[in-house]
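Below: the structure, in structure tokens.
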Ligand code: SAM
């Protein structure tokens, strides 16, 4: 597809008065080559439905549109909407913009067909949405991949292995029914304005859910165990009904601590309960 001529992103920002607001976690990416590489992480082709959260001035959005994707973008900052409308005019029929808080949107209902999710979001919103997407009650989910920017330390928690200090609920949540990987590290200087921390993009694809594991049980178990991660399991799980018996049945020593249990052991424990 021939890329239509668009004004440089800096010009769009100046024209629509989009000075970055800290309260909205606005750190914009303006390097179009970098944005094209980020868009290429997801397996997109002509007409692929994409749900983008937090398009801002539209840098990632234009990269997605250039790849031929059909984008639905949800942006909370009303100042960005005219700039996004201008962008949509360059790609007729490819961009739908919704001015709203992504946390109040039911993406499955909005998209109505399998779709991919891409987002460069403020840290707290990104983690809240990731948790929601990974805890979908039915599996496989309607989303086919997640490509999400996080501060690097959070990205490392998502892909962490047992025994490391980063290993916790987020790793278990992300790894038991999906496969996460760090697809790209992004230096703070790539953003305008640069944040204080480094960032990384995590790419996550759903995998088959292990049989017999109830998401709510796994969530309750890991909340109790990692809520007191320095304590032995016999202490941290003593208020979860049946958990100590279940540990015994699957042959896990109750003097171990949460961070030493492998994913398979968490799944066996949830299954026992
Ligand atoms: N995608 C653009 C980029 O890469 O340059 C902007 C990224 S900036 C880090 C985060 C964007 O998310 C901002 O445009 C901000 O207004 C938007 N945002 C923050 N909270 C949001 C929410 N709850 N729902 C939708 N958008 C949100």
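The values are calculated or read from the model by the stated rules, or taken from the named source; none is laboratory data. Here the structure is a predicted model, which is why all the values come from computation and not from measurement. As a convention, Cβ positions derive from the backbone with ideal geometry for all residues, glycine included, and neighbour counts pool all protein chains shown.
Screening residue 131 against (1) at pLDDT 95 or above; (2) more than 9 Å from the ligand (Cβ to nearest atom); (3) in a helix (DSSP H, G or I) leaves a single unmet condition, (1).
For residue 163, state whether it is over 15 Å from the mean Cα position of the chain (by Cα), surrounded by fewer than 16 Cβ atoms within 10 Å (Cβ to Cβ) and in contact (Cβ under 8 Å) with a residue 12 or more places away in the chain.
yes
One residue alone among 126, 99 is buried (at least 21 other Cβ atoms within 10 Å of the Cβ) and within 16 Å of the ligand (Cβ to nearest atom), and that residue is 126. For region 234-260, name all the residues that are out of contact with any helix residue (DSSP H, G or I) (no Cβ under 8 Å at 6 or more places or on another chain) and under 21 Å from residue 171 (Cα atoms). Matches in region 234-260: 260 only.
For region 88-102, the set of residues classified as touching a helix residue (DSSP H, G or I) at 6+ places or on another chain (Cβ under 6 Å) and closer than 20 Å to residue 26 by Cα consists of 97, 99, listed by residue number.
Scanning region 20-50 for residues that are within 12 Å of the ligand (Cβ to nearest atom), in contact with a helix residue (DSSP H, G or I) (Cβ under 8 Å, 6 or more places away or on another chain) and part of a loop (DSSP other than H, G, I, E, B) returns 25, 30, 31. All of 123, 115 fail the test of being touching a strand residue (DSSP E or B) at 6+ places or on another chain (Cβ under 6 Å) and at pLDDT below 95, apart from 123.
Quick check on region 59-77: of everything there that is within 7 Å of the ligand (Cβ to nearest atom) and assigned to a loop (DSSP other than H, G, I, E, B), which residue is surrounded by the most Cβ atoms within 10 Å (Cβ to Cβ)? Checking each candidate, the answer is 76.
Yes/no matrix, rows are residues, columns are (1) at positive phi; (2) over 17 Å from the mean Cα position of the chain (by Cα):
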| residue | (1), (2) |
| --- | --- |
| 39 | no, no |
| 47 | yes, yes |
| 60 | no, no |
| 72 | no, no |
| 84 | no, yes |
| 92 | no, yes |
| 96 | no, yes |
| 99 | no, yes |
| 106 | no, no |
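Every condition in (1) part of a loop (DSSP other than H, G, I, E, B); (2) touching a residue at least 24 places away in the same chain (Cβ under 8 Å) holds for residue 80 except the one numbered (1).
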